[in-house]
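Just below is one structure, and these are the notes that go with it.
The values are calculated or read from the model by the stated rules, or taken from the named source; none is laboratory data. In this text, all values refer to a predicted model and were calculated from it rather than measured experimentally. Cβ placement follows ideal geometry from the backbone for every residue including glycine, while neighbour counts extend to all protein chains displayed.
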Amino acid sequence: MDQPVRWTVRVSKDTDMAVRMFLAQRGMKKGDLAKFIEEAVRWRVLDQTVAQTKARNAKVPVPDIEAAINEGLHSVRADRFAERQFLGQLDDKTMHSPKRKVAVARPRKPKTSR
């Protein structure tokens, strides 16, 4: 949670008791109610989004959907591969650079007082 926003919601007394008992049985405290609600809302939003996407694509032929998925995967994998290659080149350059200095920790001799 980046910056919490306060919600004021109303639920039935039965729902309130059921949720509080559910949380208590799992050792959760009053403050965990907000986390529980946020997680439930996220799952519900995801569920609704998936249902809407399925409904919207119900008439699209399966090969077209698979082609779109494969195109997206190919694009993402190509980007990641290129990024890894670039980072690998940076590592190779810094590892083999003649100016590269490595700090080595050496034990110090204890100071003796005279």
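Of note:
- The set of residues from region 1-56 being of a type in the set (Ser, Thr, Tyr), assigned to a loop (DSSP other than H, G, I, E, B) and modelled with pLDDT under 95 comprises just one member, THR8.
- Cross-chain or 6+ apart pairs with Cβ under 8 Å, region 25-53 first and free of Cβ contacts under 8 Å to residues at least 24 places away in the same chain, then among the aromatic types (Phe, Trp, Tyr) and surrounded by 10 or more Cβ atoms within 10 Å (Cβ to Cβ): MET28/PHE36
- Scanning region 20-70 for residues that are of a type in the set (A, V, I, L, M, F, W, C), within 26 Å of PRO4 (Cβ to Cβ) and within 25 Å of the chain's Cα centre (by Cα) returns LEU23, MET28, LEU33, ALA34, PHE36, ILE37, ALA40, VAL41, TRP43, VAL45, LEU46.
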